[in-house]
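Written out below as structure tokens is the structure these notes cover.
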Amino acid sequence: MNPTDITAGQDEAWMARALKLAERGRYTTMPNPRVGCVLVKHGKHLADGYHQRAGEPHAEVHALEAAGEHARGATAYVTLEPCSHQGRTGPCCDALIKAGVARVVVAMQDPNPQVAGRGIARLRDAGVEVRLGCLEADAQVLNAGFVSRMTRGRPRVSLKLAMSLDGRTAMASGESQWITGAEARRDVQRLRAQSCAILTGVDSIIFDNSRLTVRADQLGLDDAEVIARRQPLRVVVDSRLRMPLAAACLSEPGETLVVCVEGSESPRRDALMRSGARVLEMPAGDDGRVDLGALLKWLGDEGGCNELLVETGATLAGALMDACLVDELRLYMAPTLLGSDARGLMALSGIERMAEQRPLEILDIRALGKDWRILARPALA
Ligand code: AOF
Ligand code: ZN
């Protein structure tokens, strides 16, 4: 939509610009949300702003600074409700009021319980006209991880699986490199870069010695070097502490969290810590393994984790699906056949009859080089 096209929705056009600005923070704002702001006066663009990093000014502050005195009487388009709390930075709703902004168009309410409507209420109390819900669906998608952490106390979980056309993910030996091509792997690199943490099982570390890192040279983005300076937290589910002390990921930049069940052998734990791991004890679930729901809660509450990417084998993938902890499946399907001796996609329990199948809803399918990417989510019963 063209912002100068009077026949089209003016608010929507300016909000689309604000969303594009917010998008620039995709790889850097965590644990904060991605937020963009555009200031407009008499139908003309005044200034842009977006949130870059937690601890740094919010989107509105950048835009107000750029507009200076001209902000008086302007309309602000913000992709998230302006904050009302004193966090690492001051309340944005007060900054907008002080600058004399006359109207604020907001895409979505801030799910942060410290804000949750108070920013909008304060603006209205000060006589500022507020429109809420402009391009809300797009804003919700952009910050689905932040919304999940704020409303459910756990990250949004994306389960990534690379498979052959016959649904196989590895040879019987565990060998799996590489099923998909370079473009699909680049897509996964970007996914890693935008995730707060990557979750895997200890068997994936043992078989593949995966590093689970973001590599600047594989991102294919302009600011790849800057993005790759932040490495997502690596989380290894390792109920009985079988993690090899020489695992490659332990010597990579960034942190590796090894998660075992409470009461695990302490000499082993100490040795892992000396090798550079952080060890976390979690309660055991009914099967004696790490309680995955409790781990996700910890990652949300203590780890500030908005988006969690799962890159793992069939057992942990199945356990997460069984526990209804997967929000999105990202299946990378390669045009190849690995045969029936190869490993299956995920070990799901309790499926014997067709009535017990687990239906999925496909959200998007697209080609990535010679491979296909399928985005899906568990279908609601
Ligand atoms: C806004 N504009 O650009 C962002 C907002 O620790 P702080 O001070 O950065 O506050 C973080 C919280 O502020 C975050 O949890 C969310 O509720 C809100 N983020 N709000 O008005 C922005 N990034
Ligand atoms: Zn703010």
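The values are calculated or read from the model by the stated rules, or taken from the named source; none is laboratory data. For clarity, every value in this text was computed on a predicted model and none was experimentally measured. Positions of Cβ are backbone-derived with ideal geometry, glycine not excepted, and every protein chain shown enters the neighbour counts.
Which of (1) closer than 28 Å to P33 by Cβ; (2) more than 16 Å from ligand 1 (Cβ to nearest atom); (3) of a type outside the set (S, T, Y) is the odd one out, the single condition E183 does not satisfy?
(1) is the only condition that E183 fails.
Quick one: count up the residues across the range 36-47 that are without any contact (Cβ under 8 Å) to a residue 60 or more places away in the chain and either within 17 Å of the chain's Cα centre (by Cα) or crowded, with 20+ Cβ neighbours inside 10 Å (or both).
5
Check whether at least one residue in the range 99-115 is buried (at least 24 other Cβ atoms within 10 Å of the Cβ), over 22 Å from Q194 (Cβ atoms) and within 8 Å of ligand 1 (Cβ to nearest atom), and report yes or no.
Among the residues of the range 99-115, not one is buried (at least 24 other Cβ atoms within 10 Å of the Cβ), over 22 Å from Q194 (Cβ atoms) and within 8 Å of ligand 1 (Cβ to nearest atom), which makes the answer no.
For the range 60-110, give me each residue that is away from ligand 2 (no atom under 12 Å from the Cβ), basic (K, R) and in contact (Cβ under 8 Å) with a residue 12 or more places away in the chain.
Within the range 60-110, R72, R103 qualify.
To keep it simple, each residue is scored yes or no on (1) within 25 Å of D287 (Cβ to Cβ); (2) within 21 Å of the chain's Cα centre (by Cα); (3) not in a helix (DSSP H, G or I).
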position	(1), (2), (3)
D341	no, no, yes
G350	yes, no, yes
R358	yes, no, yes
I362	no, yes, yes
R373	no, yes, yes
A376	no, yes, yes
L380	no, no, yes
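May I ask you to list the residues in the range 20-34 that are in a loop (DSSP other than H, G, I, E, B) and of a type outside the set (G, A, S)?
Within the range 20-34, R24, R26, Y27, T28, T29, M30, P31, N32, P33, R34 meet the criteria.
Which numbered condition in (1) closer than 23 Å to L250 by Cα; (2) at pLDDT 95 or above; (3) assigned to a helix (DSSP H, G or I) is the only one that A319 fails?
Evaluating A319 over (1) closer than 23 Å to L250 by Cα; (2) at pLDDT 95 or above; (3) assigned to a helix (DSSP H, G or I) leaves (1) as the failure.
Sort out for me the helices (runs of 4 or more DSSP H) sitting completely within the range 207-302 that have 1 or more residues that are in contact (Cβ under 8 Å) with a residue 24 or more places away in the chain and touching a helix residue (DSSP H, G or I) at 6+ places or on another chain (Cβ under 7 Å).
Filter on the range 207-302 gives 216-219, 224-227, 292-301.
Condition check: surrounded by fewer than 19 Cβ atoms within 10 Å (Cβ to Cβ), closer than 21 Å to S84 by Cα, small (G, A, S) and within 16 Å of ligand 2 (Cβ to nearest atom). Does A54 satisfy that?
yes
Output the qualifying pairs, or none if there are none: Cβ atoms under 8 angstrom, residues six or more apart or on different chains, first residue in the range 350-362 and free of Cβ contacts under 8 Å to residues at least 60 places away in the same chain and on the phi < 0 side of the Ramachandran plot, second residue of a type in the set (A, V, I, L, M, F, W, C) and not in a loop (DSSP other than H, G, I, E, B).
Matching pairs, first to second residue: R358/M321; L360/L329; L360/A376; E361/A376; I362/I374; I362/L375; I362/A376.
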